[in-house]
Amino acid sequence: MKLDEIVSAIEKLPAEVQERVYEDLTDLKRAKKREEAQVNYMKYVKAMRPGFVHGRHHALMAKKFEEIAEGKVKRLIINMAPRHTKSEFASYLLPSWFLGRFPQKKVIQASNTADLAVNFGRKVRNLVMSEQYSRVFPDVSLRQDSKAAGRWAANRNGEYFAIGVGGTVTGKGADLLIIDDPHSEQEAAAAAGNPEVFDKVYEWYTSGPRQRLQPGGAIVIVMTRWAEGYRDWETDRKSTRLNSSHSAKSRMPSSA
C-alpha cells in the first residue's frame, strides 16, 4: 500500500481512532530514531547536539568509534590539530554512548592533568543524567550512591573513572581506555631537548592504565601530534588526522 493510500484510509477512520493511530505512528518514529542513535554514533551526536554540522573527519571518527563498540578495532590513535572537536567526540560523547550501549562495562578516561580528566568526567556524568540522554538510553542512569564527577557508576554496574597522567588506577578495570592529550604543548617543546619527557608518560601508560585493560578491551588515544613516532602503533603517514589499527591483530607489539 502506498503512503497516500494509507493516509486516505486513516482519514476515513473516526476522529478518536485517527488520534490514536497518529500517536502510535509518532511513537514508532521516536523509537526508530532512538534505536538508530544507539548504534549509529553520528546520529547519537546529533541527538545530543541538535543542529550539529559534521565534517568529513567527524564522519571518519564516528565510523571508527562504531568499530570500537563492535569489537572490530582494539587500538585507535586520533591525531588532529587543536579545535577540531576531537576531545568533544572522544572524551565527552564517546564514553556516554559506549556506556549507554554497554551499561555493564567500565571506562577509564585519562588526560594530561587530573583537573582536565575530572572536568571530562563531570560533563559525561551530567550528560548521562540529562533528559535528552534518557530519550536515547531510557534504561541507563547513574547509581544514587556513586555520582562524584571523576568517579561514578551506572545502574547496571558500569563504571567511569577519570585520572590524570601519572595517577594510579589500582583496583580499576577498563573495557574502554581513553587517553586525551597525554602531553601538553610545553612538554612537547621540552622533549626536543629531553626525550625522557615522552618516556615517562609511556612508562606510566605501560605500567598503569594498559595493565587495567579488560580482556577484549579497547584503547583510544586522541591528541595533537607534537612529535614523530608512536612506538609501533599502526599509523597512516599519508593521513595523520586519524590513525588506527583495524583489528585486534594490529602491528602493535605484544607489550602494547
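As a length-normalised measure over Cα pairs under 8 Å and 6 or more apart, the relative contact order of the stretch 55-245 settles at 32 percent. Each residue, residue 104 and residue 60, gets one label point 7 Å from its Cα in the Cβ direction; the gap between the two is 3.6 nm.
Whole-Hz Karplus values for the stretch 61-74 come out as 4, 4, 4, 5, 5, 5, 5, 4, 5, 7, x, 7, 10, 10 Hz, taken residue by residue from phi with 6.51 cos²θ - 1.76 cosθ + 1.60 and θ = phi - 60°; glycine and proline positions read x.
When the pairs 33/86; 74/106; 32/63; 74/172 are compared against a 22 Å limit on Cα-Cα distance, 33/86 fall above it.
Sorted on the mean count of surrounding Cβ atoms within 10 Å across their residues, most packed first, peptides 120-132, 47-59 read 120-132, 47-59.
Under 5 Å between amide hydrogens, built in the peptide plane, is the criterion, and for residue 179 it picks out 110, 220, 221, 222 among residues at least 5 positions away or on other chains. Distance between the pseudo-spin-label points of residue 15 and residue 130 (7 Å out from Cα toward the beta carbon): 4.0 nm.
Between amide H atoms placed 1.01 Å from N, distances below 5 Å from residue 148 occur with no residue 5 or more places distant or on a separate chain. For the pair residue 29 and residue 156, label points projected 7 Å from Cα toward Cβ lie 2.8 nm apart. Full extension of the chain between residue 46 and residue 211 yields a length gain of 56.0 nm, computed as 0.36 nm times the residue separation minus the alpha carbon distance.
Based on the Cβ-Cβ distance from residue 139 to residue 194, what FRET efficiency comes out when R0 is 51 Å, to the nearest 0.05? Rounded to the nearest 0.05, the efficiency is 0.55. Its Kirkwood hydrodynamic radius, worked out from the mean inverse distance over all distinct Cα pairs, puts the stretch 55-245 at 16.8 Å.
No lab work stands behind these numbers, since they all come straight from the coordinates. Since the model is a prediction, treat every value here as computed from it, not as a measurement. As a convention, Cβ positions derive from the backbone with ideal geometry for all residues, glycine included, and neighbour counts pool all protein chains shown.
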